[in-house]
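Engineer: Mind looking over this structure? Questions follow.
The values are calculated or read from the model by the stated rules, or taken from the named source; none is laboratory data. These numbers come from a predicted model, not from an experiment. Neighbour counts are summed over all protein chains in view; Cβ atoms, including those assigned to glycine, are modelled from backbone coordinates with ideal geometry.
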Amino acid sequence: MRRTLALGRFFLFAPAKAAAACGEGRALLDSLKIYGLTLLAAALFYRWKPYDFPDANAAVPMAAQGIWFWLKVMLWQPLLMGVLIAFCAVLLRWLKDGWLPLKVASSFFWCAIPLIATVLYVKNALPKSAFAVLMIVWILPGIHIGRGVSPREWRGLAAFMLGLNAVELAAMLPEAVVTVMRWEAGYKAVVGLAGFWMLIGGALGLRAMPPQRPLPRALLPLLFALVLQIEVVIAAFMLGWLPVETLKALLYG
């Protein structure tokens with residue numbers, strides 16, 4: 001547990017050291033502990049937090065949001081984390097070299113395809129067979145690029161992305177304080193700062209992971225991967241796989 005706490009502190013204060021630590025053998029297990037604690041703490045926190053805070057005009061939930069509801073919501077998170085890690089690995093590989101404007105434009109186009117295809121499919125403008133073929137064609141370049149990522153890189157990236165949740169875990173204490181105070185601006189500030197540091201700290205850590213890269217080539221893949229993760233949630237809802245209350249819980253807490 002001491003090693004897990006030390007790794008968590010690196011994510012809070014020294015992302016580059018966290019990246020270096022994630023190359024060690026037991027780092028993945030420590031990061032999984034951090035991630036598991038974050039999911040459990042989030043389930044308990046959101047069960048306790050009033051549904052109408054910080055949005056006083058929030059609609060009353062259609063279903064009871066007890067602890068079992070939030071635990072079921074958290075069951076989606078490992079899938080979404082796996083998606084995030086996979087997309088981040090592919091995009092880091094794709095953007096690691098070459099002319100950056102071209103690589104960014106192609107990454108943007110690749111990220112836009114799933115959402116556009118899903119919208120067209122839901123609106124019956126795209127047949128089911130065409131939608132399936134398009135998704136297969138879309139994922140093939142990602143699989144091809146991902147094959148170039150070594151097992152060591154996959155393991156280190158997974159450990160880093162999982163451990164980065166230490167920031168969210170640490171933010172829950174001040175979030176609880178401002179929730180008790182019913183301080184809306186304070187709550188939004190804490191959530192915003194935590195999200196900002198996860199993004200910037202994540203980019204700083206990814207920059208330091210071997211092979212080292214300039215900051216833009218670390219930040220942009222992380223941004224694109226986060227966008228794709230949100231697209232997966234939205235697509236799952238549009239395709240009828242995700243209930244509306246779970247969608248709201250995943251996106252807004």
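Engineer: Which one is farthest from GLY205 (Cα to Cα), of the residues in region 10-45 that are surrounded by 15 or more Cβ atoms within 10 Å (Cβ to Cβ) and of a type in the set (Lys, Arg)?
Structural biologist: Step by step, filter region 10-45, then rank; the result is LYS33.
Engineer: Now for a separate question. Residues that are charged (D, E, K, R) and touching a residue at least 24 places away in the same chain (Cβ under 8 Å): list the helices (runs of 4 or more DSSP H) wholly contained in region 154-253 that include at least 3 such residues.
Structural biologist: 184-208
Engineer: Assuming LEU242 fulfils every condition listed in (1) at pLDDT 95 or above; (2) within 27 Å of ALA56 (Cα to Cα) apart from one, which condition is it?
Structural biologist: The single condition LEU242 does not satisfy is (1).
Okay, residues lined up against (1) at pLDDT 95 or above; (2) within 22 Å of the chain's Cα centre (by Cα):
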site: VAL83; (1), (2): yes, yes
site: LEU91; (1), (2): yes, yes
site: TRP99; (1), (2): yes, no
site: PHE108; (1), (2): yes, yes
site: PRO127; (1), (2): no, no
site: PHE131; (1), (2): no, no
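Engineer: Taking the criterion of being among the aliphatic types (A, V, I, L, M) and surrounded by 20 or more Cβ atoms within 10 Å (Cβ to Cβ), would at least one residue in region 150-158 satisfy it?
Structural biologist: Pass one, region 150-158, residues among the aliphatic types (A, V, I, L, M): 157-158.
Pick out the ones that are also surrounded by 20 or more Cβ atoms within 10 Å (Cβ to Cβ) and you get 157-158.
Looking for residues that are among the aliphatic types (A, V, I, L, M) and surrounded by 20 or more Cβ atoms within 10 Å (Cβ to Cβ), one finds at least one in region 150-158, hence yes.
Engineer: I'd like the residue in region 120-136 that is of a type in the set (Val, Ile, Thr) and surrounded by 11 or more Cβ atoms within 10 Å (Cβ to Cβ) and, out of all such residues, is farthest from SER107 (Cα to Cα).
Structural biologist: Looking at residues that are of a type in the set (Val, Ile, Thr) and surrounded by 11 or more Cβ atoms within 10 Å (Cβ to Cβ), I get VAL122.
Engineer: Could you identify the single residue in TRP48, TRP68 that is under 22 Å from ALA171 (Cβ atoms), over 21 Å from the mean Cα position of the chain (by Cα) and surrounded by fewer than 16 Cβ atoms within 10 Å (Cβ to Cβ)?
Structural biologist: On inspection, the qualifying residue turns out to be TRP48.
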